[in-house]
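Some notes on the structure that comes next.
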Amino acid sequence: MKMPFINLLAALLLAILCPLNNVYAQIDRQAVVQRHIVRVAKIDSLSSLSVGNGKFAFTVDATGLQSFPDAYANGVPLGTQSEWGWDTFKNTANYKIEEAYKYYDQYGRKVPYTVQLNEPLRSKNAVNFYRQNVHRLQLGNIGLELSKADGKPATPADIKEISQQLDPWTGEIKSTFTFDGIPVSVTTVGHQDQDLIAASVKSALIQKGQLKIRLRFPYATGEWADVGNNWADPDLHTSTVFKSSDQGATVKHQLDSASYFASFLWGAGGRIKEQTRHYFIISPNTKSDVFDFSCLFSTQEHVGQLPDFEAVRNNSVRKWKEFWLSGAAVDFSGSTDQRANELERRVVLSQYLTKIQCAGNFPPQETGLTYNSWYGKPHLEMHWWHGVHFALWGRHALVNKSVDWYFKVQDKAANLAKRQGFDGLRWQKMTDNEGNESPSSIGAMLIWQQPHIITFTELQYRSHQDKKVLEKYKDLVFATADFMASFAHYDKIKKRYVLGPGLIPAQERFKAETTFNPTYELAYWEWALKTAQQWRLRLGMERKAKWDEVIAGLSPLPKQNGVYLATESATDSYTNPEYKTDHPSVLGAFGMLPETSLLDKAVMAKTFQLVWNTWSWSDTWGWDFPMTAMSAARLNMPEKAVDALMMKILTNTYLVNGHNYQDDRLRLYLPGNGGLLTAVAMMCAGWDGNTIENPGFPKNGKWKVKWEGFEKMM
């Protein structure tokens, strides 16, 4: 039967535009997502579940609310965090950030870096102050107040017959259990446009007066981590019922520099009462066995009616469906490799977690909006891992918000570069919403965050091919390239440009004072400067001579015995056991990055095999596995790409809730989730110049990979 001409034409167009037919797989996205509904059947501190919207998240225990925060403190804690919730302790000693400066000899100059000093004592105290402040807040704890028939409070051991599930397709957490032999059911949802959660609680315990709702405000710990259960120091903050009625209440919390409100709406007949300082009890109407409420956290007093539980639930269901139907999708069903279903689970839950934790207006911290790490501050070198996957999955709007944050902090980046005697913009490493520096002996010396803004904006341009993107970001791109060109130092003896000394590479095992020419950073410098130059040409501008000079004269990637070294200064890269730990970032030079003119693929292939066979994989981080997978895919080693993603190493653990577990300090690690999504996108859709279908998956008949909507990597 002959194909009608119009259908033939359409088929030809599809073949030309989309040579990899998986792009039009027409996946049943709901089926894929709901294959991986999370189910919890016990009190387990590592199985807590979250709802959120990218700028606010709320994490619950097996009761569906935050009923037992102390029991979860050492797992994935019961956090309530937002992108706006920060506080600063009073600077009673009048510390100055300049007290954290240390001057390094660099290029014949004394260059100040903001590092961790142990002496004199005042400098040490100043360092501690600026590392602690600002710190992200745990906004409040909302849990069930359960009491036994004899009046004794519930313990985790009293919660029986637990059955809890999170449906990522709708964003709903449904929890059932028994307490004192009586069933309880709780449905928890998060609003996708407001910093608001809602819950519906049903139990005969309400009518018995044994089930109420508890609101507690913790005080900030000022420690490296804050899990939201510091009930000490009641005199250092205030909590006040601002207004109340039988249908709701507003409570104000005041700390050193921050104040905010928790505003409630509930069914008629409820009332709120202060139990003790910072501890409030909401008593439902005992005439009903159902109690619905919603709670909004905000910096200003809320005016008007809050959405009720049903409105929030409808918002969640609608917006999550929109999310899952947007962008890309991948389906591994039909694969016979035993790892396929687990990989699909990780992919689905990583999309959910990064959407609720990493899709706000600011670069996220590594533990997202669940608990503090590094005082709640984001690390800009990690922004690549938090955000690139959104672009490759066709969800640019979710990352563009935090990319635009660079405009907000560019003045401080310019001041940093100027203070150190460089041109352009030097991007901060450990920072905050306002772009301030935090003292860090490692962070201050890292440089691989510098080109990230060029990566993000180039991905955006590639997707849209719109000159408006170039016009919008050109000043950031050009000023970033100006810094990079000025940071590269011309060695008159070797007659080439070098990076360092005065840096620490992404593999944080090397001393700043002696390290120079790390392989990954050299490759990134070349790619970024060439890309910035391409932006000038796209805009009809002349090439910048200084950039071309640095590109042409940049040091070659350092190698020895036919493999690339971690850095030119570390000729013992593969003989010193210490240098085979941490991030194998040498692989990022052809994994995260495309092939550059500095790269020899045969040398990289040999390097990959050496790293694969000899690296101390037990001493790595969650994003090292997807980085390795990306390198393997580019080197046409698809078996190794999958093996890397699924390597059985502690830091490559994915918990029942989808979180990437690292160790007892970092029980969740979102760069691992983001890296996984980036790697899978590349393994499916490939990169510029790739012509292999699903290049990152073995062609052994065990993998059936359907996908749609991915964008190619560079």
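Any read-out appearing in this document is the output of simple, stated calculations on the displayed coordinates, not a laboratory observation. None of the values given here were measured: they were computed from a predicted structure. In this analysis, Cβ positions are derived from the backbone assuming ideal geometry, glycine residues included, and neighbour counts consider all displayed protein chains.
Summary table
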read-out	value
Inverse mean reciprocal Cα-Cα distance (Kirkwood Rh) of the stretch 445-577, Å	15.7
Cα-derived Rg over Rh, computed across the stretch 308-372 with Rh taken as Kirkwood radius	1.06
Charge dipole magnitude, Cβ of K and R +1, D and E -1 - the stretch 587-683, Cα centre, debye nearest 20	80
Gain upon complete extension [Q247, T92; 0.36 nm per residue less C-alpha separation]	51.6 nm
Cross-link pairs K55/K699; K55/K468; K494/K712; K90/K429; K102/K412 - those with Cα-Cα distance over 29 Å	K55/K699; K494/K712
From the C-alpha gyration tensor of the stretch 510-660, square roots of 5λ in Å	29, 20, 14
R419-Q254 pseudo-label distance in nm [points 7 Å out on the Cα-to-Cβ vector]	3.3
Cα lying deepest toward the dipole's positive end in the stretch 103-192, options Q132, T170, T155, charges on Cβ	Q132
Selection from W384, N341, Y371 lying farthest towards where the dipole of the stretch 336-407 points positive, charges on Cβ	Y371
Reciprocal of mean inverse Cα separation for the stretch 647-714 (Kirkwood radius, Å)	13.7
Ordering of 173-180, 530-537, 230-237 by burial proxy (mean other Cβ atoms within 10 Å per residue, highest first)	173-180, 530-537, 230-237
Between the stretch 571-596 and the stretch 78-121, the alpha-carbon center distance in angstrom	30
Principal semi-axes in Å for the stretch 278-325 [√(5λ), Cα gyration tensor, largest first]	26, 18, 10
Three-way shape label, the stretch 146-205, alpha-carbon gyration tensor, a/c 1.5	prolate
Qualifying lysines (Cα of each under 29 Å from Cα of K495; at least 8 residues distant if same chain)	K110, K418, K511, K530, K544, K546, K559, K601, K606
Whichever lysines have a C-alpha closer than 30 Å to that of K287, once near sequence neighbours (fewer than 8 apart) are set aside	K148, K152, K160, K174, K202, K208, K212, K243, K252, K273
Kirkwood Rh, angstrom, the stretch 489-562 [1 / mean 1/r, Cα pairs]	13.5
Projected area averaged over orientations for the stretch 415-455, convex hull of C-alpha atoms, nm²	3.1
Once the Cα gyration tensor of the chain is diagonalised, semi-axes √(5λ) in Å	44, 32, 23
Mean separation of Cα contacts under 8 Å, 6 or more apart, over the residue count of the chain: relative contact order %	14
Calculated Rg and Dmax of the stretch 388-496 using C-alpha coordinates, Å	15.1, 48
Compactness of the stretch 252-339 - radius of gyration and Dmax, Cα, Å	20.3, 58
The stretch 171-305: translational diffusion in µm²/s, Stokes-Einstein, Kirkwood Rh over Cα pairs, 20 °C, 1.002 mPa s	133
More than 23 Å apart - percent of Cα-Cα pairs taken over the stretch 67-222	57
Size of the stretch 592-666 as Cα extents on the principal axes (Å, biggest first)	41, 22, 21
